[in-house]
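Below is one structure; the comments refer to it alone.
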Amino acid sequence: MWTLDIDRLGRDPALSNQVLSLIEKNGAEVYISTAPHTPGQKTIGHRYISAIQSVRAAEDQALRVRRYRQGMRSRIARGLIASNLPRGYHAIRDPHTGAVTSYQFTPEIQTIQYITRQFLAGHSYSEIRRRLNTHHPLPNGRPWSYNTIRNICLNDTYAGYPSFAQHKPEQPSPLIPPLWDKDTHAAIIHERQRRSRGPYHRRGSGPLTGVIYCHRCARPMTRFYCHNRYYLRCTTHAHAKQTSKTCHPNLLRESAAIAALTQHLHTLTTPAALDAALTQLQHPADHQRLTLELQRTAAIVQDLITQRRTIALDRAARKMTADIYHHTDTTLQSQLTAAESRHAELTRALQSLPDLAQQKKALASLASAFPQLLQQAEPAEISTLLQTAGIRITCDSNHIHTITP
């Protein structure tokens, strides 16, 4: 038997059983011409028939998936919600046909509004979950789920845009009452983009975020919560399972780091101590050294440009062969690229040197008001003030290593 279309053998179970019985009755064997086969293997027919049926079953499943996706896209085109209803919505059905005609809010929509406000305020999903368990517990008594809150904040159905996979209509549906107006939806999208690009914090931004670093790997310290206390640890150590890079844990209680910083700022309240700290932070020789090196690098860049122009003129006047010209120009080009990169690096380093007068003013105001800021200001605001004043803390072996200035 020579089969041109083996898919037809597994079209239905009756045909498969008929082929199998004919094979056994006539003592034949089924095999694929491109596969190795040993004569006398009677069960080879059973195996191939089963394989054909499996392929056909996979094709049927793919057809069902394709029809399901087409149906969901059709629902979205009609303005209906594709899959399960999100929290806060109830479907209104036609009493005669049972078809969904529109949607309306449920009392649970007030909880969704609370989640929206907390999300736009910048709170993490874990923090929102804790606040919901305190102020808006679920009726069944179970705690809120992290994924439930995340799915609510990422669901555009609350703005009137039902979606399925990557398919979403261009205009809001007239059948879905929007919870988020146009401005709120734009703010939600902006907050999603900010969170996707920003650093990951298990407990949100802390007062020392962007201020405290690991002394060994120079990476920021990660804030986390354990046993009702905030701790700081090295980011490299925290992500060791994903990156396979190791470092010292540098586990440090956040309150201990804040206490050390408070004591250090208390010593800078006098003008003499403040001037001494800023002098150590930036010596005038640093600015002079960077300026001289920048001038030398600029001269090297100009000289390399002149050399490339000279050999190009020599090549145009046929004073140099093509092979020698290309080899020389490639060498000069690589040297010019390295020199320009060094010039840009020195320029950034020179521009990053802090202004001593401005930094002294910011540091003096921070040193005098830091205890009050810890009690009244938000953690993100404290972090911004510390970074503006040029405060940098390094940790090593679970202890504070340096605090500058």
Checklist entry - (1) outside the structural domain of His190 (by TED's automatic domain parsing); (2) free of Cβ contacts under 8 Å to residues at least 24 places away in the same chain; (3) surrounded by 17 or more Cβ atoms within 10 Å (Cβ to Cβ): which one isn't true of Met72, the others all being true? => result (2)
Item to check | Single unsatisfied condition, Asn228 versus (1) under 19 Å from Gln387 (Cα atoms); (2) among the polar types (S, T, N, Q); (3) modelled with pLDDT under 85 | outcome: (1)
Item to check | Check on Pro220, in the same structural domain as Pro379 (by TED's automatic domain parsing) and not hydrophobic (A, V, I, L, M, F, W, C) | outcome: yes
Checklist entry - If you scan region 146-164, which residues turn out to be under 21 Å from Gln70 (Cα atoms) and either in contact (Cβ under 8 Å) with a residue 60 or more places away in the chain or of a type in the set (A, V, I, L, M, F, W, C) (or both)? => result Asn155, Thr157, Pro162, Ser163, Phe164
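Which residues, taken from region 111-133, are farther than 21 Å from Gly206 by Cβ and either surrounded by fewer than 16 Cβ atoms within 10 Å (Cβ to Cβ) or in contact with a Cys (Cβ under 6 Å, 6 or more places away or on another chain) (or both)? Steps first, please.
Step one: of region 111-133, the residues farther than 21 Å from Gly206 by Cβ are 111-117, 132-133.
Listed by number, the residues that qualify are Gln113, Tyr114, Arg117, Asn133.
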Checklist entry - Hey, Leu63 hits all of (1) closer than 30 Å to Leu132 by Cα; (2) not in a loop (DSSP other than H, G, I, E, B); (3) not acidic (Asp, Glu) but one; which does it fall short on? => result (1)
Checklist outcome for this item: Expected single match for under 21 Å from the mean Cα position of the chain (by Cα) and at pLDDT 85 or above among His248, His201, His215, His190 is His190
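Within the group Thr330, Thr384, which residue is under 30 Å from Leu252 (Cα atoms) and among the hydroxyl-bearing types (Ser, Thr, Tyr)? Spell out the reasoning first.
Details: Thr330 fails: under 30 Å from Leu252 (Cα atoms).
Matching residue, one of Thr330, Thr384: Thr384.
Residue-by-condition table, conditions (1) small (Gly, Ala, Ser); (2) at pLDDT below 75; (3) outside any helix (DSSP H, G or I):
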| position | (1), (2), (3) |
| --- | --- |
| Thr279 | no, yes, no |
| Leu290 | no, no, no |
| Thr306 | no, no, no |
| Arg318 | no, no, yes |
| Tyr325 | no, no, no |
| Thr337 | no, no, no |
| Ala349 | yes, no, no |
| Ala357 | yes, yes, no |
| Lys361 | no, yes, no |
Item to check | Of all residues in region 225-255 being touching a residue at least 24 places away in the same chain (Cβ under 8 Å) and among the aliphatic types (A, V, I, L, M), the one that is surrounded by the most Cβ atoms within 10 Å (Cβ to Cβ) | outcome: Leu232
Checklist entry - Taking Leu350, is it of a type outside the set (Lys, Arg), surrounded by 14 or more Cβ atoms within 10 Å (Cβ to Cβ) and either touching a helix residue (DSSP H, G or I) at 6+ places or on another chain (Cβ under 9 Å) or under 30 Å from Pro405 (Cα atoms) (or both)? => result yes
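Considering only region 106-114, I want to know if a residue exists there that is farther than 30 Å from Phe224 by Cα, of a type in the set (D, E, K, R) and either in the same structural domain as Pro177 (by TED's automatic domain parsing) or assigned to a loop (DSSP other than H, G, I, E, B) (or both). Can you show your working first?
Filtering region 106-114 for residues farther than 30 Å from Phe224 by Cα gives 106-110.
Then drop every residue that is not of a type in the set (D, E, K, R), which leaves 108.
Now drop any that are not either in the same structural domain as Pro177 (by TED's automatic domain parsing) or assigned to a loop (DSSP other than H, G, I, E, B) (or both), which leaves 108.
Yes - at least one qualifying residue is present in region 106-114.
Would you mind stating whether His190 is touching a residue at least 12 places away in the same chain (Cβ under 8 Å) and out of contact with any Leu (no Cβ under 8 Å at 6 or more places or on another chain)? Steps first, please.
Working: touching a residue at least 12 places away in the same chain (Cβ under 8 Å): no; out of contact with any Leu (no Cβ under 8 Å at 6 or more places or on another chain): yes.
Answer is no for this residue.
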Next on the checklist: Quick test of your reading of the structure: Ala344 fulfils all but one of (1) modelled with pLDDT of 85 or more; (2) surrounded by fewer than 16 Cβ atoms within 10 Å (Cβ to Cβ); (3) outside the structural domain of Asp303 (by TED's automatic domain parsing). Name the failing condition by number.
Outcome noted: (3)
Checklist entry - Thr269 versus (1) of a type in the set (Val, Ile, Thr); (2) part of a loop (DSSP other than H, G, I, E, B); (3) modelled with pLDDT of 85 or more: which is the lone unmet condition? => result (3)
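The values are calculated or read from the model by the stated rules, or taken from the named source; none is laboratory data. Since we're looking at a predicted model, the values are computed, not measured. Because the Cβ atoms are built from the backbone with ideal geometry, glycine has one as well, and the counts that use them run over all protein chains shown.
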